[in-house]
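Report on the following structure.
What follows is calculated from the coordinates using simple rules that are stated; it is not laboratory data. The model shown is predicted, which means the values in this text are computed figures rather than measured ones. When we count neighbours, we look across all protein chains shown, and the Cβ atoms used for this are built from the backbone with ideal geometry, even at glycine.
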Amino acid sequence: MMAELYPAIDLHDGRVVRLAQGDYANATVYGDDPVAVATSFADAGAAWIHVVDLDAARTGSPENRSVVAAIAAATLGRARVQTGGGVRAVADAQALADAGVARVVMGSAAIQDPRLVESAADVVDVAVGLDHRDGEVAVHGWTEGSGVSIDEALGWFPSATAFVITDIARDGMLEGPDVEGLAAVAARASAPIIASGGVSSLADIMALAAVPGIGGIITGKAIYEGRFTVAEALKAVRA
């Protein structure tokens with residue numbers, strides 16, 4: 001299994017932003033045209049685009065769903081869209097599938113009711129997002145701890161097609177991913193791991209791509225800050 005690159009677009013008020021450690025008060029705006037950004041990723045050869053609706057993650061209301069649909073339409077036939085943020089019911093999964101999304105990411109709702117993932121998986125591929133601080137899964141836009149460990153949660157979702165693992169402490173910080181920790185999670189997971197948080201260099205991408213069980217690597221801020229291009233990252237994954 002070769003890892004796929006997932007260049008990321010985080011949506012807040014319809015714009016492309018990155019948060020530092022999930023802090024909404026600490027957002028950097030990288031553009032007003034998410035569709036143009038997504039198109040540039042597809043032009044560079046990305047087979048997947050990872051989109052997060054930050055507003056929906058916090059409020060549950062699908063404020064950026066029309067933007068997600070526009071991204072899916074603009075990249076149709078070239079890149080598949082994986083999207084998370086506020087996917088809290090089967091109806092949300094259905095609406096996103098109808099909008100052209102190939103896979104949804106369920107986080108807080110999955111932890112609260114693992115059966116939701118089973119139901120949503122009848123509609124569209126589902127990845128379970130396990131965002132953690134020191135191994136404890138965080139929920140509600142990272143504002144609360146769940147009391148559930150990653151190890152425990154990995155056993156709850158037999159129909160998940162992937163697990164998106166985000167180390168909150170590293171997210172948006174460009175300090176490098178926790179390769180050892182991710183390798184340990186990947187060894188225990190029943191589906192491929194998509195690593196998220198901390199990717200700062202092509203060396204980070206190559207290190208993650210070499211780990212058995214890592215099926216994907218999400219990178220956002222490093223691309224926007226000019227550390228490397230999507231084309232360079234795709235080469236590093238394949239190396």
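Details
- Amide proton proximity set for Tyr30, modelled H, under 5 Å, gap of 5+: Val16, Val17, Arg18
- Computed magnitude of the charge dipole of region 119-233 (debye, nearest 20; Cβ of K, R +1, Cβ of D, E -1): 220
- Dipole size of region 4-238 about its Cα centre, with +1 on Lys/Arg Cβ and -1 on Asp/Glu Cβ: approximately 540 debye, rounded to the nearest 20.
- Orientation-averaged projected area, Cα convex hull of region 98-239 (nm²): 8.5
- Given charges at beta-carbon only (K, R positive; D, E negative), |dipole| of region 10-132 in Debye: 180
- Here the contact order of region 1-113, divided by its residue count and restricted to Cα pairs under 8 Å and six or more residues apart, works out to 23 percent.
- The order of the peptides 145-155, 115-125, 48-58 by mean Cβ neighbours within 10 Å, most packed first, is 48-58, 115-125, 145-155.
- Region 4-238 - percent relative contact order, Cα under 8 Å, separation 6 or more: 18
- Mean shadow area of the chain over all directions, Cα convex hull, nm²: 10.7
- Mean ellipticity per residue at 222 nm, deg cm²/dmol - from DSSP H runs of n ≥ 4 across the chain, formula -39500 (n - 2.57): -8500 deg cm²/dmol
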